[in-house]
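Following: one structure in structure tokens, then a few remarks.
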Amino acid sequence: MEYQLAINVTPQIKLVQPELYMAEALYNTIKSNYQHLVTFLDFIQEDMTLEDEQQYLTMMLNHQAQNKGRLYLIYFEDELIGTIDLHNIQMQHKKAEIGYWIAENYAGRQITTQCVQHLCYLAFEVFGLNKLTIKADVRNIASNKVAEKVGFSYVGTDLEDMFDGEAYRDMNRYSLLKRDYNKQ
């Protein structure tokens, strides 16, 4: 499959800059993984529509144009299996947050870890950032392990940091500085 912009992480894994026509594949991946994703991702809604995903992609492409965010779709052998992004980019302070999710059938295969490693490279070496942060629900063991495997340092726990519609959730905060990344 041909993409306007695709970055090879491995021969099987690509980070692809989204295009609007990809909204349907994104929508289908989220819908088929709803139960897996909804526990830890507050933006996943049961009643979301294809139009919602089109609007999301449009918003993220606008954020990219304004240098406020960058979204990549994760493809494994030409199947869309998740997303990874830089958000809350603050160029004045040269920092951003990383967010990611992956389809249930691909969890535990080191794909997310490899994608985060590659996004760190892009953030530090291409985009010129100095600090990256990952926030992970304290109950999301897999997401916390990804941050640790990539070399992020645990900074602390933000108590009652997210409200999921029913209860407040505590979030672990991890950070990685460019100088520490360069030592890896």
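Some values worked out for this structure:
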item: Flag if L159 is modelled with pLDDT of 90 or more and surrounded by 13 or more Cβ atoms within 10 Å (Cβ to Cβ); result: no
item: Condition met for Y181 (crowded, with 17+ Cβ neighbours inside 10 Å, touching a residue at least 60 places away in the same chain (Cβ under 8 Å) and of a type in the set (S, T, Y)); result: yes
item: Some residue of the range 79-89 being on the phi > 0 side of the Ramachandran plot and at pLDDT below 90; result: no
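The values are calculated or read from the model by the stated rules, or taken from the named source; none is laboratory data. No experiment lies behind these values; they were computed from the predicted model shown. When we count neighbours, we look across all protein chains shown, and the Cβ atoms used for this are built from the backbone with ideal geometry, even at glycine.
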